[in-house]
Amino acid sequence: MEFALTAPLLLLLLVGTVDLGRGFYYAIGLSGATRAAALSVSRDPAAGISVASVRQRVCDETGWVPFRNATACTGLTALEVTCTSNDPAVLVRDPKVTVRATFRFSLVSLYLAPLIGNPAATSVATTYEITNESAVPCTQP
């Protein structure tokens, strides 16, 4: 009798914990992928950086889809690449590149959907200084 009363509550807690774990999994994976993409852009900004090439890099780095198949990376809903040039007021050269990505995933527990939305989204932004001093800072892709 007591099990029949507590089982639904325990099941809801378990499924909610699974969704929370999946959210952290996607956030950590997306963080590593945007870090790798921003690092590759910052090392050679004059190489004709495009949003498509950065998207491909992010999708490849996550490992969630087959390599070199950015069309299968459907959860990656927003990708933004921003380059900021040197600040003339600062004596040290500091051009930077920022990669901001948003990944959406479906919740397992539908009871959380009204609270946080379904599909849920996780967003990550990574900024690196451009390390190639002789390169012209990349232009907006």
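The values are calculated or read from the model by the stated rules, or taken from the named source; none is laboratory data. What you are looking at is a predicted structure, and each value in this text was computed from that prediction instead of being measured. Because the Cβ atoms are built from the backbone with ideal geometry, glycine has one as well, and the counts that use them run over all protein chains shown.
Can residue 38 be described as farther than 23 Å from residue 108 by Cβ, part of a helix (DSSP H, G or I), touching a residue at least 12 places away in the same chain (Cβ under 8 Å) and in contact with a Ser or Thr (Cβ under 7 Å, 6 or more places away or on another chain)? So residue 38 passes the test. Could you please give the count of residues in the range 1-43 that are closer than 30 Å to residue 130 by Cβ and among the aromatic types (Phe, Trp, Tyr)? Counting residues in the range 1-43 that are closer than 30 Å to residue 130 by Cβ and among the aromatic types (Phe, Trp, Tyr) gives 1. Report yes if some residue within the range 58-81 is part of a strand (DSSP E or B), among the acidic types (Asp, Glu) and at pLDDT 80 or above; otherwise report no. The answer is yes; a qualifying residue exists.
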